[in-house]
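Here's the structure we're looking at; comments come further down.
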Ligand SMILES: Cc1ncc(COP(=O)(O)O)c(C=O)c1O
């Protein structure tokens with residue numbers, strides 16, 4: 001018997017963190033590397049939010065708090081759900097954790113029994129399948145269409161069994177940036193409505209990052225019949241440039257929320273008190289910087305899509321949201337890189353690109369769909385232009 005838990009053999013470390021680390025190593029060794037792996041805004045946290053945190057420190061808000069969030073933050077979240085999503089929750093239906101990541105994990109640990117299935121559409125955020133495995137469940141992957149990155153109602157229906165406990169839904173998506181329109185979402189919720197034992201875990205982390213007047217909607221809003229079996233997950237990391245502050249939250253049925261608090265009470269206890277006060281300001285204060293940031297993101301998205309589509313063998317759809325593009329590199333498979341190695345799949349493409357041109361991206365297969373790769377465009381326009389120029393050169397030099 002080994003010392004480490006068997007459950008750990010079932011999971012792999014995050015591929016996105018691995019790429020970021022590899023890029024950091026090469027940089028430290030003096031290589032000129034452009035990292036497009038990290039999924040975080042390059043903007044600073046807005047000043048009003050930072051000031052709220054400083055006031056919390058100076059005001060002595062530095063002690064343990066209620067396990068799953070201070071009442072003031074729960075109230076701000078209730079108001080956010082009402083104002084932005086038309087969802088009515090009481091404060092006992094709200095939970096706050098150390099990032100959306102902990103919220104998702106709490107929910108899985110609180111509900112999964114061995115053999116329980118969780119439907120995960122591809123391409124998925126790297127952590128979903130591994131979190132399900134760690135919590136003792138079975139991920140069931142549903143393949144999206146390779147050009148829209150969306151699943152169909154028929155494929156969803158076909159994946160549901162009597163063991164299905166959850167579907168994890170993520171729109172706009174990490175890694176594809178694809179977002180379901182209200183009618184596309186309704187077609188999926190119509191399927192879910194029929195299967196009364198299936199719960200919906202919707203990860204709305206990229207809600208505010210949508211472009212071209214896209215109208216964001218969330219499952220419990222589109223189909224009120226799902227309200228009693230939906231956990232609506234969100235957080236302040238992406239929209240408010242607060243990745244390091246670690247605050248995520250969810251609204252859902254009170255009995256589930258209570259069970260999730262029980263998990264948290266015996267693991268991490270409350271999220272950082274100071275960050276909670278900062279999150280109150282994020283959700284209740286001015287939202288002006290969101291459209292301003294989105295203007296910048298949209299311009300970068302358009303630049304990256306257009307430059308990638310000019311690279312030999314690359315094809316890049318225009319995503320509706322988030323700050324990722326997920327181009328196909330199918331046209332480069334079978335070609336030979338300057339190193340002499342043949343590109344057999346997207347992992348090879350990513351490795352050769354990093355070695356040859358010093359551009360760090362993440363292979364699509366890490367997200368369950370390839371041959372693609374993910375670029376995060378949450379970095380400066382200059383760096384993106386240079387990176388895309390290098391990708392064009394790399395693809396142009398393949399034989
Ligand atoms: C789809 C998705 N969900 C959840 C998270 C977790 O966010 P956090 O734990 O910072 O709230 C991320 C972060 O990368 C994400 O991309």
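We did not get these values from a lab; they are worked out from the coordinates using the rules stated. Source: prediction; values computed, not measured. No Cβ is skipped: glycine too gets one built from the backbone with ideal geometry, and neighbour counts run over all protein chains shown.
Numbers for the structure displayed
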quantity	calculated
Simple label model, 7 Å out from Cα along Cβ direction - residue 254 to residue 147, nm	5.0
Förster-model FRET efficiency, 51 Å R0, residue 181 and residue 386, C-beta, rounded to 0.05	0.90
Extension reserve of the residue 228-residue 75 stretch, reckoned as 0.36 nm per residue once the Cα distance is removed	53.1 nm
Relative packing of 377-388, 168-179, 336-347, which averages over residues the other C-beta atoms within 10 Å, highest first	168-179, 377-388, 336-347
Most to least packed among 10-17, 322-329, 359-366, 216-223 [average Cβ atoms within 10 Å]	322-329, 359-366, 216-223, 10-17
Sites residue 306 and residue 10 - FRET efficiency at Förster radius 51 Å, r taken between beta-carbons, to 0.05	0.80
Efficiency of FRET from Cβ geometry, residue 55 and residue 28, R₀ 35 Å, rounded to 0.05	0.40
Radius, Kirkwood style, for region 63-284 when every pair of distinct Cα atoms is counted (Å)	17.3
Intensity falloff of the chain expressed as log10 I(q)/I(0), Debye formula with alpha-carbon point scatterers, at q = 0.09, 0.13, 0.14 Å⁻¹	-0.54, -1.13, -1.29
Distance between modelled label sites at residue 48 and residue 397, nm, 7 Å Cα→Cβ extension	4.9
Degrees separating the helix 71-85 axis from the principal Cα axis of the chain, which is the longest one	60
Length gained when the stretch residue 91-residue 341 is fully extended (0.36 nm per residue, less Cα-Cα span)	84.3 nm
